[in-house]
Amino acid sequence: MRSPFSLPYLLLFLLALGFLVSFVQIGLLTISFAKLGLSPGSAYLLLIASLLGSALNIPLFSIPAERPPPDAILRAHGLLRAGFMQFTGRTVIAVNVGGALIPLLFSGYLLTHNPLGPGQVAIALAVVAAVSYWWSRPLPGVGIAMPIFVAPVTAALVAVGIGGPQSAPLAYIAGTMGVLIGADLLRLRDIQRMGVPVASIGGAGTFDGIFMTGLVAVLLA
């Protein structure tokens, strides 16, 4: 598990914090949460929990992994889902609190508090998961990378098309869970060939785009 105080993590934290502050200043964050039926207090509680939870990876199990090639470099054409530890020949599969558990729990809350049909949810999840799988790429020595706006735009378009008045909660559920399925869970078999020390389901939490994917998808919907 990477240290939350490492330089890459600190830079990502500052970048995400600045991004979120900008959202707050122009009111977009408030609009997103309001469309999901949350009060300002509940919205900020969810936001803080996601930010703090992004520093926590819960190890599940480990698998044998191939050593990355010597020339494997960190490429930032997308948002990365990998740890920053020294490679030891095994990859620890973990789940991120801020990037997986909290969005999963909040998606469950939205499902129980909005009249969404099972067919609507299944179609939206399938489309976003398929698009996320298609656009995500395994990077040796790094993890899985994907362009940041692919999932939220896809989730918003699908939600508007089939969600009707429930397009906002459907966009959040499809955007977050679709990325987890398509770019994380369906890519687990690729992990052994990438030589990463930690592969975190939910990645770097808020910073890998899962939480922000949900918010951006809601705004677009």
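In segment 111-146, what residues are assigned to a strand (DSSP E or B) and either within 12 Å of Ile173 (Cα to Cα) or in contact with a Gly (Cβ under 6 Å, 6 or more places away or on another chain) (or both)?
Ala145, Met146
For segment 142-156, name all the residues that are buried (at least 24 other Cβ atoms within 10 Å of the Cβ), modelled with pLDDT of 85 or more and over 9 Å from Val216 (Cβ atoms).
Passing the criteria: only Thr154.
Kindly list the number of the only condition in (1) among the small types (Gly, Ala, Ser); (2) modelled with pLDDT of 90 or more; (3) more than 13 Å from the chain's Cα centre (by Cα) that fails for Ala129.
Ala129 satisfies every listed condition except (3).
I'd like the full set of residues that are over 20 Å from Gly175 (Cα atoms), modelled with pLDDT under 80 and of a type in the set (A, V, I, L, M), limited to segment 8-54.
Leu10, Leu11, Leu12, Leu14, Leu15, Leu17, Val21, Val24, Ile26, listed by residue number.
Output the number of residues of segment 95-110 satisfying the condition of being farther than 15 Å from Ala168 by Cα, in contact (Cβ under 8 Å) with a residue 12 or more places away in the chain and not β-branched (Val, Ile, Thr).
Initially, segment 95-110 is screened for residues farther than 15 Å from Ala168 by Cα, giving 95-102, 104-105.
Adding the requirement that they be in contact (Cβ under 8 Å) with a residue 12 or more places away in the chain leaves 95-102, 104.
Imposing the further condition that a residue be not β-branched (Val, Ile, Thr) reduces the set to 96, 98-101, 104.
Residues meeting the conditions: 6.
Being touching a helix residue (DSSP H, G or I) at 6+ places or on another chain (Cβ under 8 Å) and exposed (fewer than 12 other Cβ atoms within 10 Å of the Cβ) is the filter here, so list the residues in segment 40-60 that pass it.
Here is the first cut: in segment 40-60, the ones touching a helix residue (DSSP H, G or I) at 6+ places or on another chain (Cβ under 8 Å) are 40, 42-43, 46-47, 49-58.
The answer is Pro40, and nothing else.
The values are calculated or read from the model by the stated rules, or taken from the named source; none is laboratory data. Here the structure is a predicted model, which means the values were calculated and not measured. Here Cβ is always computed from backbone atoms with ideal geometry, including for glycine, and neighbour counts include all displayed protein chains.
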